[in-house]
1. Once amide H atoms are built 1.01 Å from N in the peptide plane, which residues 5 or more positions from Thr30, or in another chain, come under 5 Å H to H?
2. Can you quote the Å³ per residue value for the convex hull of the Cα atoms in the stretch 2-139, rounded to an integer?
3. Would you mind classifying the stretch 147-209 by shape? Square roots of the alpha carbon gyration tensor eigenvalues, ordered a ≥ b ≥ c; an a/c under 1.5 is rounded, otherwise it is prolate if a/b is larger than b/c and oblate if not.
4. When the helix-only estimate is applied to the chain (DSSP H runs of n ≥ 4, each -39,500 (n - 2.57), divided by the residue count), what is the mean residue ellipticity at 222 nm, nearest 500 deg cm²/dmol?
5. Please report Glu86, Glu19 as a ranked list, fewest other C-beta atoms within 10 angstrom at the top and most at the bottom.
6. Take each of the peptides 188-198, 69-79, average the number of other beta-carbon atoms within 10 Å over its residues, and list them starting from the highest.
7. Treating the angle as unsigned and between 0 and 90°, give the value, to the nearest 10°, between the Cα long axis of helix 198-209 and the longest Cα principal axis of the chain.
8. For the stretch 182-188, in order, what is each residue's ³J(HN,Hα) by Karplus, 6.51 cos²θ - 1.76 cosθ + 1.60 with θ = phi - 60°, in whole Hz (x at glycine and Pro)?
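Quick note: the coordinates plus some simple rules give every number you see, no bench work behind them. A quick note: this is a predicted structure, and the numbers were derived from the prediction, not measured. Counting neighbours? That spans all protein chains shown, and the Cβs are built from the backbone with ideal geometry, glycine included.
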Amino acid sequence: MLLCEDQEVFRIGMREVLEAQPDMAVVAETTHLPEALEAADECRTQVVVVRQGLVAGAALPLLRTLCRRDTAVLVLAEPGTESEPEVVEILQAGVRGYLPRRSDAQRLVDGVRALARHEAALDPAATDQLVQYLTDPQARPAPAVRPLDRLTERQREVAELVAQGLSNEEIASRLFLSLATVKSHLTASMRRLDVRTRTQLAILVNRDSSPAA
């Protein structure tokens, strides 16, 4: 499995709990979802365990991408992050595992095993929220803000050209900007979208622009 957790102490604790099981092995660890997406491709892992705070907002398209692949995702929720709209968005992305981050060790192990068997591992509170969403139209959240809506018009233009494979020099020529200005817009875009590489930015832009995003 793969652990996506930005708090080192908690990540080490999860690894020790999971690797104490004879049928489990942690093959990779990351601190951000874009890194987890790349690592999951390289390692062909069955299960990704990720903290809820790392999959919200701009990271939702990446979560959808991860769930579309042959990978089960277990989201761990911290107290105060289990708001109904956010839980529903996470489950709609394709997540089949949702448990409190402070679950006891056996519950975490059981959840990972269930996902590896292609079963669901949902906390009762998450199940109740999903049922309420499906049965009560008033409970349904408004459409979420798309990640690219967080960018200015110029930042979005630069990000979209990066996604098309253009270099900074080509983007500068296309938009009649200086190279320094292109780099500034690119840096600002990556910071707002919480990505670290051009490849991660391109993946996010393409997913956000697609009808299924």
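1. Answer set, sorted by chain and number: Leu3, Cys4, Glu5.
2. Cα-based convex hull of the stretch 2-139, divided per residue, equals 101 Å³.
3. prolate
4. -16000 deg cm²/dmol
5. Values: Glu86 19, Glu19 12.
Least to most surrounded, the residues fall as Glu19, Glu86.
6. 69-79, 188-198
7. In the chain, helix 198-209 runs at an angle near 80 degrees to the longest axis.
8. 4, 4, 5, 5, 5, 4, 5
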